[in-house]
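The values are calculated or read from the model by the stated rules, or taken from the named source; none is laboratory data. Just so it is clear, the model here is predicted, and its values are computed rather than measured. Quick reminder, even Gly has a Cβ in these numbers, built from the backbone with ideal geometry, and neighbours come from all protein chains shown. Note: accessible area is taken over every heavy atom of the protein model, side chains too, but ligands, DNA and RNA are not part of it. Shrake-Rupley method; radii C 1.70, N 1.55, O 1.52, S 1.80 Å.
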Amino acid sequence: MAITIKNEREISKMREAGHVVSVCHQRVQAAIQPGITTDDLNTVVRDTLSELGATSNFLGHHGFPGVICASVNEEIVHGIPGNRRLNDGDIISVDIGAIVDGFHGDSAWTYPVGEISDEAKRLLRDTEEALDAGLAAARAGSRIGAIGAAVEGYARPLGYGIVEGYGGHGIGRQMWEEPHIPNLGSADHGPRMRTGMTLAIEPMLNIGTKDTRVLDDDWTVVTADGSWSAHFEHTVLITDGAPEILTKRLAAVVD
Ligand code: MG
Ligand code: MG
């Protein structure tokens, strides 16, 4: 499929879909605490999507049973929500998508559960910084490869394993559109970004090596060495200046 340029009406729908994803994240963040199950978080998002008149792009995709992916500690992406209880000191990556009037939003965030180790804090901070580096490189006129080069340029010197088999993507009327957006490589590879493109940018960093494997559930991707992993993702609109973040973080709910 060719890379699509969105018109104003399509962009406004993408903003709506992104906002729904942001509200879902806000509520998930408020719900995360030791003792809660990943299925409880799935329920929070299922109810929020329904309340806001949106549908899930994850549910039923190749048979996926959840509206979120919930990936704990050494799990990188595609964890299935279930009866696992979160423990104090865990980290959990929550990937959420929404469809509004046929347009898709997609954003992932890794959250601490209770009090986490300094090493885990560094992982979360550095992966978010790697996302920021990728976002800063998402400029009309540059090639898609500039995003991965920026992510790698930030993460490689810090010693992280940069996950290679999974990455960002175009997004719009489909959850996964062209182009694939690697999280490493040369800045002069790939198609040029143009104003009106919408992209999901999503670095995944491992404390250990880059190597991954898939669990017997055929979904959950984990680090091969068992080291912990983080995943931060925004859906963005390419503009004439800095990209517009369509899945912007809302203020955390204080209870
Ligand atoms: Mg995602
Ligand atoms: Mg994505």
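Descriptive notes on the structure:
- Alpha-carbon spread of the stretch 72-143, three principal axes, descending order, Å: 44, 32, 16
- Summarised as an ellipsoid, the chain has semi-axes of 26, 23, 16 Å, derived from the eigenvalues of the Cα gyration tensor scaled by 5 and square-rooted, with the largest first.
- Considering helices alone, the calculated mean residue ellipticity of the chain at 222 nm is -9000 deg cm²/dmol, with DSSP H runs of length four and up weighted by -39500 (n - 2.57) and normalised per residue.
- Here the accessible area of the chain is 49 percent carbon and sulfur, with a 1.4 angstrom probe and all protein chains present.
- Shown here for the stretch 30-132: GluC sites (Glu not before Pro) in loop regions (DSSP other than H, G, I, E, B) with at most 16 other Cβ atoms within 10 Å, namely GLU115.
- Based on the Stokes-Einstein relation at 4 °C and a viscosity of 1.567 mPa s, and on the Kirkwood radius from alpha carbon pairs, the stretch 37-173 is assigned a translational diffusion coefficient of 79 µm²/s.
- Taking Cα centre as origin and charging only the Cβ of basic (Lys, Arg, +1) and acidic (Asp, Glu, -1) residues, the dipole magnitude of the chain rounds to 740 debye.
- For the set LYS210, LYS6, solvent exposure ranked by accessible area (probe 1.4 Å, protein chains only) runs largest to smallest as LYS210, LYS6.
- Percent of alpha-carbon pairs separated by more than 20 Å within the stretch 158-255: 49 percent
- Within the listed set GLY170, GLY102, GLY79, the Gaussian network model of the chain (springs between alpha-carbon atoms below 10 Å) gives the highest mean-square fluctuation for GLY102.
- Between HIS189 and ASN7, full extension at 0.36 nm per residue minus the direct alpha carbon distance yields a gain of 62.9 nm.
- Entries in LYS13/LYS121; LYS121/LYS248; LYS121/LYS210; LYS6/LYS248 that, when Cα-Cα distance is taken, lie over 26 Å: LYS13/LYS121
- Contour excess over end-to-end distance, with Cα ends at ASP211 and GLU119 and 0.36 nm allotted per residue: 31.2 nm
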